[in-house]
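Quick notes on the structure that follows.
Values quoted throughout were computed directly from the atomic coordinates according to the rules given, and no laboratory measurement underlies them. Keep in mind the model is a prediction, meaning the values are calculated, not measured. Virtual Cβ from ideal backbone geometry, glycine too; neighbours counted across all protein chains shown.
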Amino acid sequence: MTNIIIIGAGPAGLQAAITLAKHNEKVLLLDEYMIAGGRLLGQLYEEPTGEWWNGVEKSNQLWKRAKKLNVDIRLQTSVYDLERKDDAWIVHTNNGSFEASKLLLATGAAEKPFSIPGWTLPGVMSVGAAQVMTNVHRVSPGKKGIIVGINVLSAAIAMELMLAEVNIVGMTLPFKTEVTNKSSSPIDVMDSLLHVSHMAPSKFIQLGSKLMKGQWMRKVGISLYPKNGVKIWDVPILLRKAVVEIIGDEVVKSVKLVTIDRYGNIIDGTEETIDVDFVCIAGGLYPLAELAAIAGCPFYHIDELGGHIPLHNEQMKTPLDGLYVAGNITGIEGAKVAMKQGEIAAFSLLNDLHDGSFSENVEQAIESVKRTRNEAYIQFHPQIDEGRRKLQKYWLNNQEDNEFIS
Amino acid sequence: MTNRIINHPVLGELDLSNTVTFTFDGVKYTGLKNESIASALLANGIRVLRRHEESGTTRGIYCNIGHCYECRLYVNGVQGVRACLTPLKENMVIESGKPLPTTVRDWRPKND
């Protein structure tokens, strides 16, 4: 029997596997995709040092290191159920069932959609799908596209698409509904964009964002915001437009746009149609945590972390015996943070397997995550620290409740 | 294979040397060995991967990472294979998903 199973061969899972294997643990690493790397695969951006962060290359390096350390990596293996039997976790997959005393869930994140009329038409895809097509498979998502949803992820991917000379006519908002709510209000979106303004080469945006720190200035800013948008990396950011319908018979042919006021309300008589052959929907990322739910882990909804989070402590342990988490399942952050979290989980596991002899490594890894978080180039949510604090409070409450019961 | 991004300023030139042939709905195409079926089809300009089992409306790639299940096809006779997760092999016989031959019964009460 393998001691440890890791589900998800993204940055967190791979790094955890490498750290464990270095300490002579037998590790089985499972992933559904045909290439190891997870969401890291699609990433491509220039760091402040001028170096390119190339996700395909980084993934390949991690995969090679894990392979060299004899990690048993099984790709194209989908996990569909988990069971706890006696002192073991049983993992059921399309390629058989596996058993281990310790289980690490590093399942990452998935994308939230906006269900705009016409969104099931072929040619409509998540912005991450366009990213993977472009950077990993090197196939253009289409001849001319539009991105619906303006956020950190879609802004970064828009830049990547431009880099590959994929034609993007603009980034727009979804129309306002109870569901899209904040993502459809220009003021709220501008608010969130201020946190990526340092990535924009345009002095106008950098300067503008400094001026717009105050609520009042933002309202004025949105009122003055040009209807035809401001360009970042040559992509027009259409904060005053919303897509209300995607049109096509068998495939996407065009989108219907309207002009909106600063709160996201549609202004009558402003409909226009733009011809496109693909549409990217960018609702942002949420932690992919179904397997933690199947395992029976308690959950808390924490906005700052991107959604429902399986309860865990700073050591990446859940309240369930032998169940650990790392990476985006614990909250939406960048790949570098995910890798460091994988390291914490690995040392935590080692510590539990070897009577507490790795407690110093665990503490060091926790500090290292904090440093990496503070130095992160792309921060998906500005209040990530606040979200992490909230979860720690829930953890302490949960521990106290359990003590009270026992 | 017209939709390939062959030259990329950072990722460099795409290796097109390892090609395979396959069929989709009986038509012969060329793709790259071990790329995903989804990318091979899109590279050949094919967006419609299936028709909805009930309504017959068209569906294509949505999430491209295996989560949404919108790209399911028949591959070498096996039903429900996700195009985005399956590596392309020589002589693969791929068919689009089709509507079911009979409608699904509506179990709701008549006056609902």
- Pop out the Kirkwood hydrodynamic radius of the range A:72-122 from its pairwise C-alpha distances, inverse of mean 1/r, in Å to one decimal. 13.9 Å
- Take the eigenvalues of the Cα gyration tensor for the range B:59-112, scale each by 5, and report the square roots as semi-axes in whole Å, largest first. 30, 15, 7
- For a label point 7 angstrom out from the Cα of A:E250 toward its Cβ, which stretches of the range B:72-112 have the backbone nitrogen within less than 18 Å? B:72-74, B:94-100
- Task: For A:K143 and A:S78, compute 0.36 nm times the residue count separating them, minus their Cα-Cα distance, and round to one decimal in nm.
- Result: 20.1 nm
- Item | Binned Cα-Cα distance frequencies in the range A:104-149 - 10 Å width, integer % | 22, 49, 24, 6, 0
- Message: As an exercise, identify the GluC sites (Glu not before Pro) in the range A:125-194 lying in DSSP coil whose Cβ has no more than 14 other Cβ atoms within 10 Å.
- Response: A:E165, A:E178
- Cubic angstrom per residue, convex hull over Cα atoms of the range A:5-56: 82 Å³
- Task: May I ask what percent, to the nearest 5, of DSSP beta bridges between residues of the protein assembly as shown are antiparallel?
- Result: 60 percent
- Counting residues in the protein assembly as shown as N, plug N into 2.2 N^0.38 Å and put the Cα Rg over that result. 0.99
- For chain B, size of Cβ-based charge dipole, Lys and Arg +1, Asp and Glu -1, in debye: 280 debye
- Message: Strictly over 27 Å apart at the Cα level, which of A:K22/A:K336; A:K241/A:K370; A:K336/A:K390 would you flag in this model?
- Response: A:K241/A:K370
- Query: If you bin every alpha carbon distance in the range B:7-57 into 5 Å steps from zero, what whole percent lands in each bin?
  - Reply: 5, 16, 22, 20, 16, 10, 6, 4, 2
- Query: Tell me, A:V325, B:V104 in order of fewest to most beta-carbon neighbours within 10 Å?
  - Reply: B:V104, A:V325
- Message: Could you give each residue of the range A:31-44 its phi-based ³J(HN,Hα) in whole Hz, using Karplus coefficients 6.51, -1.76, 1.60 with θ = phi - 60°, and x for Gly or Pro?
- Response: 8, 6, 6, 8, 10, 6, x, x, 5, 4, 3, x, 6, 7
- Message: Please rank A:I329, A:I274, B:I5, A:I267, fewest neighbouring Cβ atoms within 10 Å first, as an exposure proxy.
- Response: A:I267, A:I274, B:I5, A:I329
- Query: What distance in nm separates the simple spin-label points at A:D86 and B:K33, each placed 7 Å from Cα in the Cβ direction?
  - Reply: 4.5 nm
- Each label point is 7 Å from the Cα along the Cα-to-Cβ direction; what then is the distance between the points at A:N398 and A:E367, in nm? 2.7 nm
- Task: Return B:K98, B:K110 ranked ascending by Cβ neighbour count within 10 Å, so the fewest neighbours appear first.
- Result: B:K110, B:K98
- Using label points projected 7 Å from each Cα along Cα→Cβ, tell me how many nm separate A:H354 and A:D303, to one decimal. 4.4 nm
- Rounded FRET efficiency, nearest 0.05, which uses the C-beta distance separating A:D234 from A:R65 and R0 of 35 Å: 0.40
- Message: Over the Cα atoms of chain B, what radius of gyration and what Dmax do you get, in Å?
- Response: 16.8, 62
